[in-house]
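*Asks:* One structure follows; several queries about it will come next.
The values are calculated or read from the model by the stated rules, or taken from the named source; none is laboratory data. Owing to the predicted nature of the structure, the values given are computational and were not obtained by experimental measurement. All Cβ positions, even for glycine, are placed from backbone atoms using ideal geometry, and neighbour counts span all protein chains on display. Just so you know, the surface numbers come from the protein's heavy atoms only, side chains and all, with ligands and any DNA or RNA stripped out. Shrake-Rupley method; radii C 1.70, N 1.55, O 1.52, S 1.80 Å.
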Amino acid sequence: MLKHKDLISIFDLAREEIEEIFSLAQSLKKRLRDNEVVTPLAGKTLAMIFEKPSLRTRVTFTAGMTQLGGNAIFLGPNDINMGVRESAADTAKNLERWVNAIMARTFAHETVLALAREASIPVINGLTDRLHPCQVLSDCFTLLEKFGSLANIKVCFLGDGNNVAHSWLNAAARLGFHFSIACPPGYEPLGEIVDECRAEAGERIQVTHDAADALEDADVVYTDVWASMGQEHEAEQRNKVFAPYQLNKAALSLARPSALVMHCLPAHRNLEITDEVIDGPQSIVFDQAENRLHVQKAVLVLLMAD
């Protein structure tokens, strides 16, 4: 169903397509654990463009392509210097002649859009300043494993209304769960994204400055770094502004007693999340990290396989 599409936003996917990704991810995960060799991408190549450093995205896409029988080529900022040495459009027109898909992790969302406009092969958004769809698809798959269903659960996000939060808003609208975000004034998610998601989700989406209000009845509490890559110069100011939104033991006690703790990593320990919470019994952060591999493998197969 997804063959030869781009994956720029979760809103590019119908609910049935997301469920298809999750179903295949579940199968691929089991087959990997059973030591079964599955190579539907034999002979295929993925170009991976990285403007930002990465551990999880780079390793999971690279390992995923290897496990599926294909090959991944890493292109760092010093390799192509996209936008300076060569435009995104020309980069796309070259890569489409040589490889079968492109995964790009860029600062500007427009860069990934330009690659998708110009390339005739699938383009996957590996993170931009606006969205992080692969991360949140993997997170939702993790919750599906934990709860058995996403229906009627409530996910609470504490912190910056950033790219990860935007993709959570998309996922909540498309998959039907409740989502609340508590952030400092001035750091809300983009209004156009909130409006677009509320048009589909209605009252299931809550944006507030009151952390206690957002945490009430939450089944999942999620947080992310307060200063993302490219915002390091704002870190000192952000650390002060975001301090009341720290995910610590007191904050977690305001959610349901069984609430799960998530973080997309890397974590700045004892800033946005305390050691006792990220290392505590309710934390599933490394389950999230593992599932990046399985969900992205499913995406690669559905986009690239013959």
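*Asks:* Could you grab me the full set of residues in the stretch 152-176 that are aliphatic (A, V, I, L, M) and in contact with a helix residue (DSSP H, G or I) (Cβ under 7 Å, 6 or more places away or on another chain)?
*Replies:* Matches in the stretch 152-176: Ile153, Val155, Leu158, Val164, Leu169, Ala171, Ala172, Ala173, Leu175.
*Asks:* Among (1) open to solvent by less than 50 Å² (accessible area, probe 1.4 Å); (2) under 22 Å from Thr128 (Cα atoms), which single condition is Phe177 missing?
*Replies:* Here Phe177 meets the rest and fails (2).
*Asks:* Of the residues Gly186, Gly161, only one is within 28 Å of Asn125 (Cα to Cα), part of a loop (DSSP other than H, G, I, E, B) and open to solvent by 50 Å² or more (accessible area, probe 1.4 Å); which?
*Replies:* Only one candidate passes the filter, namely Gly186.
*Asks:* Another question, then. Looking at Gly186, is it modelled with pLDDT of 95 or more and more than 18 Å from Ser167 (Cα to Cα)?
*Replies:* Judged against the criteria, Gly186 is a match.
*Asks:* Which numbered condition trips up Asp219, out of (1) over 19 Å from Arg130 (Cβ atoms); (2) without any contact (Cβ under 8 Å) to a residue 24 or more places away in the chain?
*Replies:* Among (1) over 19 Å from Arg130 (Cβ atoms); (2) without any contact (Cβ under 8 Å) to a residue 24 or more places away in the chain, Asp219 violates only (2).
*Asks:* Right, next: Just a yes or no: is a residue in the stretch 130-153 without any contact (Cβ under 8 Å) to a residue 40 or more places away in the chain, aliphatic (A, V, I, L, M) and either under 21 Å from Val299 (Cβ atoms) or touching a Lys or Arg at 6+ places or on another chain (Cβ under 8 Å) (or both)?
*Replies:* yes
*Asks:* Look through Asn100, Asn78, Asn71 and report the one residue that is without any contact (Cβ under 8 Å) to a residue 12 or more places away in the chain and more than 21 Å from the chain's Cα centre (by Cα).
*Replies:* Asn78 is the lone residue from the list that is without any contact (Cβ under 8 Å) to a residue 12 or more places away in the chain and more than 21 Å from the chain's Cα centre (by Cα).
*Asks:* Just give me the residues in the stretch 75-102 being modelled with pLDDT under 90 and among the hydrophobic types (A, V, I, L, M, F, W, C), in sequence order.
*Replies:* Answer for the stretch 75-102, where residues must be modelled with pLDDT under 90 and among the hydrophobic types (A, V, I, L, M, F, W, C): Ile80, Met82, Val84.
*Asks:* Provide a single number: the residues in the stretch 223-260 that are under 22 Å from Cys134 (Cα atoms) and crowded, with 22+ Cβ neighbours inside 10 Å.
*Replies:* Counting residues in the stretch 223-260 that are under 22 Å from Cys134 (Cα atoms) and crowded, with 22+ Cβ neighbours inside 10 Å gives 5.
*Asks:* Right, next: Do any helices (runs of 4 or more DSSP H) entirely within the stretch 8-121 hold 3 or more residues that are surrounded by 15 or more Cβ atoms within 10 Å (Cβ to Cβ), and if so, which?
*Replies:* Here the list reads 15-33, 56-67, 88-98, 109-118.
*Asks:* Just give me the residues in the stretch 272-306 being part of a loop (DSSP other than H, G, I, E, B) and at pLDDT 95 or above, in sequence order.
*Replies:* Answer for the stretch 272-306, where residues must be part of a loop (DSSP other than H, G, I, E, B) and at pLDDT 95 or above: Glu272, Thr274, Asp279, Gly280, Pro281, Gln282, Ile284.
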